Amino acid sequence: MSARQRGQRGFIERVRETRDRRKVLVRVRAESLKPLIPKYDAIGNAFLNMVEQYSEKELQLICEYLQKASEISARELARLIEANRARPSHH
């Protein structure tokens, strides 16, 4: 579904940037998310139940692992993007 179709269905709205009126921001209309909340309750509750199975110490270790994994992913992605930019284009 395109941004135009989402706008027509009331999911998003276009708002002019206050500092630069040439720019148009697209944002999700909060009220359009309300019908989705019940659909995501089940998954939210499932994750809460899972988290409750771990001790504070275990959760801290999991958080540290995820933080480090995220940093590695970001660093390696930036490296790949830079390597791709440095590669000569063959158009």
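The values are calculated or read from the model by the stated rules, or taken from the named source; none is laboratory data. This one's a predicted model, so the numbers in the text were calculated from it and none came from an experiment. Cβ sites come from the backbone with ideal geometry, for glycine too, and all protein chains shown count toward neighbours.
Across segment 32-59, which residue is modelled with the highest pLDDT among those that are assigned to a helix (DSSP H, G or I) and hydroxyl-bearing (Ser, Thr, Tyr)?
Taking the candidates together, the pick is TYR40.
Only residues that are hydroxyl-bearing (Ser, Thr, Tyr) and loosely packed, with under 10 Cβ neighbours inside 10 Å: list them for segment 55-83, please.
SER55
When you go through (1) exposed (fewer than 10 other Cβ atoms within 10 Å of the Cβ); (2) among the small types (Gly, Ala, Ser); (3) part of a helix (DSSP H, G or I) one by one for SER89, which number turns out not to apply?
Going through the list (1) exposed (fewer than 10 other Cβ atoms within 10 Å of the Cβ); (2) among the small types (Gly, Ala, Ser); (3) part of a helix (DSSP H, G or I), SER89 breaks only (3).
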